[in-house]
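Right, one structure below, let's go through it.
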Amino acid sequence: GRGGAGYLQFNNNNNNNNNNNARFRIHINSPKFFNRTLVARADDANIIGDDDDTIQVIKGHDSSKADADVEQQKKSSQLSKRVVFGLGIGITAGGVVLTGGWVFSVALAAVVFAGSREYFELVRSRGIASGMTPPPRYVSRACSVICALMPLFTLYKGQIDVSVASAAFVVAMALLLQRGNPRFSQLSSTIFGLFYCGYLPSFWVKLRCLMLAPALNTGGQAHWTVGLVATLISISSIIAADTFAFVGGKAFGRIPLTSISPKKTWEGAIAGLLGCIATSVLLSKIFSWPTSMLSAIGFGLLNFFASLFGDLLESMIKRDAGVKDSGSLIPGHEVWGLDPGTINLLWDT
């Protein structure tokens, strides 16, 4: 085998001329994994396994090296998975963002529904529920549906403040009228879920579909609006920040960033910041928005810090829930929930 050595031993210890049976032994020594010895009996035309001797697998002396190789392969696989899915997310999201309208809103509603279900499952997990009473399951499911409807209401109504307040009031009444003893922790976790998983992501619709000012100063196509360009740059810079932070942290990470997420490092955060700003500046030159270099750098900074603190917020929720990963919808990436603060600030300004 590759990286190993072995030998073949053939013995014919039977002195009877009428018996042509022979025995042979194959010994394979692979330093990466194990030593293997195979003993068999052969006649003139056939090879038959020996009933008395069996295949023996002996753990090699280099098991620690094998474990290190397996760990390295796992890290390489994680990195490749992160890159592949990052590209897939970018291409898919780019097509959806370019289409806009109801396609963008429906796609966002699907992501919101998946994210809200994950959030309420985390709230009901043993790690968080040990210190509180989780909301009833029917309330969690109803809130997931309400969150998914918020982007659609935003598209067709423009403002959903009254609708969100009404939904929160109905949910609060349902919690107060449930059997047993209602708990304030149920109300607070549920209302926060409506805000975090539904209301904030709806600003993506406001940004993409309702900011209709032309973005190009050269009299280009009318559908290249400020909202479209800002959405494309935001999504691209967030993915770039996440990817650069992962690569930089794996290559140079030494100093922990925060106890909330021990694997995050200052070196990775700096790499993510530089990647986010570089992506924002590059795309601003392509789309002619923002018009100045300083504005493009500021836009990149805004995206990075909103994504970083959104990521830390999700890490805090997962840590309290006692889980490592909140879902497998996007392997290697935690893009969900990273940038609602940026969209909120953009809309306010």
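Largest accessible area first, the residues Trp266, Trp102, Trp204, Trp224 order themselves as Trp102, Trp266, Trp224, Trp204 under a 1.4 Å probe with ligands, DNA and RNA left out. Here the spin labels are modelled as points 7 Å beyond Cα on the Cα-Cβ line, and at Leu87 and Phe309 they lie 3.5 nm apart.
For segment 227-238, backbone phi angles converted through the Karplus equation (6.51, -1.76, 1.60; θ = phi - 60°) give residue-by-residue couplings of x, 5, 5, 5, 5, 4, 5, 4, 4, 5, 5, 5 Hz, Gly and Pro being listed as x.
Tell me which of Leu194, Pro151, Val162 sits at the most positive position along the dipole axis of segment 95-194, charges placed on C-beta atoms (Lys, Arg +1; Asp, Glu -1). Highest projection toward the positive end goes to Leu194. Extending 7 Å from Cα along the Cβ direction at Leu212 and again at Ala278 yields two label points whose distance is 3.9 nm.
Under a 5 Å amide H cut-off, with hydrogens placed 1.01 Å from N, Thr225 pairs with Ala215 among residues at least 5 apart or on other chains. Pairs exceeding a 23 Å alpha-carbon distance, out of Lys206/Lys318; Lys81/Lys206; Lys264/Lys318; Lys81/Lys264: Lys206/Lys318; Lys81/Lys206. Ligands, DNA and RNA left out, the 1.4 Å accessible surface of segment 101-243 is 66% carbon and sulfur atoms.
Per-residue SASA remark: Asp67, around 100 Å² accessible (1.4 Å probe; ligands, DNA and RNA not included). Within the full protein context, the accessible area of Phe192 is estimated at about 80 Å² for a probe radius of 1.4 Å.
Across Arg319, Arg141, the residue with the most accessible area heads the list, and the full order at a 1.4 Å probe is Arg141, Arg319.
The values are calculated or read from the model by the stated rules, or taken from the named source; none is laboratory data. The shown structure was predicted, so the numbers you read here are calculated from the model rather than taken from an experiment. Quick reminder, even Gly has a Cβ in these numbers, built from the backbone with ideal geometry, and neighbours come from all protein chains shown. Side chains are part of the model used for accessible areas, which takes the heavy atoms of the whole protein and leaves out ligands, DNA and RNA. Shrake-Rupley method; radii C 1.70, N 1.55, O 1.52, S 1.80 Å.
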